[in-house]
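J.: Here's a structure for you.
The values are calculated or read from the model by the stated rules, or taken from the named source; none is laboratory data. From a predicted model like this one, the values you see are computed outputs, not experimental measurements. In this analysis, Cβ positions are derived from the backbone assuming ideal geometry, glycine residues included, and neighbour counts consider all displayed protein chains. When the accessible area is computed, the model is the full protein with side chains, heavy atoms only, and any ligands, DNA or RNA have been set aside. Shrake-Rupley method; radii C 1.70, N 1.55, O 1.52, S 1.80 Å.
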Amino acid sequence: MSDTPAKKTGNASENASRRKQLGFFGRIIQFLREVVAELKKVVTPTRKQLVNYTLVVLGFILVMMVIVTVLDLVFGKLVGFVFGGTPLWPLW
């Protein structure tokens, strides 16, 4: 660990005092400026990346559908066996 204490930057107190100085509409304008600045940082994926991301999402959804279907079948059979007296096999 370091023996040097953390330095305080005046940014937090300056931002707090600046917010108190801004009125209602000033804060709205500041918010909109920050939104525009963040939107300028957005990078649009290439077509290859977009297709890749789409296939990954569809593959994940397909795997999750299979898992949920199997669990539904297993738990449905168990509930039918415990409460309804139906046999566990055959599965249909």
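J.: So, in region 10-56, of the ones that are open to solvent by 100 Å² or more (accessible area, probe 1.4 Å) and in a loop (DSSP other than H, G, I, E, B), which residue ends up modelled with the highest pLDDT?
T.: Restricting to residues being open to solvent by 100 Å² or more (accessible area, probe 1.4 Å) and in a loop (DSSP other than H, G, I, E, B), the top hit is Lys41.
J.: Which residues, taken from region 23-45, are over 22 Å from the mean Cα position of the chain (by Cα) and of a type in the set (S, T, N, Q)?
T.: Gln30
J.: Quick one: what pairs do we get from region 51-80, first residue basic (Lys, Arg), second modelled with pLDDT under 95 and open to solvent by less than 80 Å² (accessible area, probe 1.4 Å), C-beta under 8 Å, 6+ apart or different chains?
T.: So the pair list comes out as Lys77/Thr86; Lys77/Leu88; Lys77/Leu91.
J.: Does region 65-84 contain at least one residue that is surrounded by 10 or more Cβ atoms within 10 Å (Cβ to Cβ), of a type in the set (D, E, K, R) and modelled with pLDDT of 90 or more?
T.: yes
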